[in-house]
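The values are calculated or read from the model by the stated rules, or taken from the named source; none is laboratory data. Keep in mind it's a predicted model, so treat the numbers as computed, not measured. With ideal geometry, Cβ positions are generated from the backbone for all residues, glycine too; neighbour counts draw on all protein chains shown. Accessible surface is based on the protein model in full, side chains and every heavy atom, while ligands, DNA and RNA are left aside. Shrake-Rupley method; radii C 1.70, N 1.55, O 1.52, S 1.80 Å.
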Amino acid sequence: MNDDRESETPPSMLDRIDLILDAVEEAGFLTLSGVMERTGLARSTTHRLLLQMERRRWLFRVGTNYELGVRLFGLGTSGLRTHWFYRRAMPTLSWLQLQTGYIVHMAYLDGADCVYWEKLGSGRFQWEVPTRIGAHLPAHTTAVGKSLLAVQSDDYLHSIEPYAELTPNTVTSTTALRQEIDEIRKRDYAVDRGESIPNVGCFGTTVSAASDDSSTARRTSAAISICVPLAELDNRLIAILLAAKKRISQNMRVNPMIETADDD
């Protein structure tokens, strides 16, 4: 395939980006070669645009594959619910909500914030938890966010300082938050005691896709939580949360974005 093909494609940069986004959304995920085949763009152009779109978080790369990125999820793209990770996690999220009767969240990390990918729940308490799909909250204030921060490096934690205060319970001390993150890494779950929303408590833990062998690509990662009235924050909920984590991890054991054959 050579650059002569470029003359047959739209000249506008925005048109080319639009072609790539449409192709990736339709397929779920694509390699460089897959994007070239579906869009008709030349290899050099495709490679350059994929790198730029990944840097801007319009795309997310795992190994040699590209999928829609977190910035598009935040804008409400339909990719939010067609994403393979979401589809595999949803049966367990529904099970978790039915088992507990409380609010269940799934979220991902975007810079210093956690972004809500799903919210399940019903009844009066649902309206006392004013989260919504696509909404951002400072990661250090929530159980899902602290879980996600715990799998990042200490340099990452330093990069998102200073820590905003949302309620009187929010941990804003660098030393205190680092100590809490260390504890989360040991026990595999985080706790929010009214730190993001007054009188609401949550337990959270990470759920990840199978790891890949690339040193330059990250895993697709998210976190899930159970949110309850703060007075009902019962440690017995931790076991069912971790059972849900195990179920999701089993469903994610094979990451379809990780190529088994060499490509690009």
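For (1) open to solvent by less than 80 Å² (accessible area, probe 1.4 Å); (2) assigned to a helix (DSSP H, G or I), each residue gets a yes or a no:
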{"position": "125", "(1), (2)": "yes, yes"}
{"position": "132", "(1), (2)": "no, no"}
{"position": "137", "(1), (2)": "yes, no"}
{"position": "144", "(1), (2)": "yes, yes"}
{"position": "149", "(1), (2)": "yes, yes"}
{"position": "152", "(1), (2)": "yes, no"}
{"position": "157", "(1), (2)": "yes, yes"}
{"position": "165", "(1), (2)": "no, no"}
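Condition check ((1) open to solvent by 20 Å² or more (accessible area, probe 1.4 Å); (2) over 29 Å from residue 111 (Cβ atoms); (3) touching a Ser or Thr at 6+ places or on another chain (Cβ under 7 Å)) across all residues:
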position	(1), (2), (3)
18	yes, no, no
27	yes, no, no
30	no, no, no
33	yes, yes, no
36	no, yes, yes
47	yes, no, no
52	yes, no, no
56	yes, no, no
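Residue count for the range 52-92 under the criterion of being among the polar types (S, T, N, Q) and modelled with pLDDT under 80: the result is 3. Take the residues in the range 175-213 that are closer than 23 Å to residue 57 by Cα and open to solvent by 40 Å² or more (accessible area, probe 1.4 Å); name whichever of them is modelled with the highest pLDDT. Per the stated criteria, the residue is 211. For the range 245-264, a residue qualifies if it is surrounded by 12 or more Cβ atoms within 10 Å (Cβ to Cβ) and either aromatic (Phe, Trp, Tyr) or at pLDDT below 85 (or both), and the qualifying residues are 251, 252, 255, 256, 257, 258, 259, 263, 264. If residue 115 meets every condition in (1) within 21 Å of the chain's Cα centre (by Cα); (2) of a type in the set (A, V, I, L, M); (3) under 20 Å from residue 249 (Cα atoms) apart from one, which number is that one? (3) is the only condition that residue 115 fails. Number of residues in the range 131-149 that are modelled with pLDDT under 95, touching a Lys or Arg at 6+ places or on another chain (Cβ under 7 Å) and of a type outside the set (Lys, Arg) equals 2.
Restricting attention to the range 139-166, the residues that are touching a helix residue (DSSP H, G or I) at 6+ places or on another chain (Cβ under 7 Å) and of a type in the set (Ser, Thr, Tyr) total 2.
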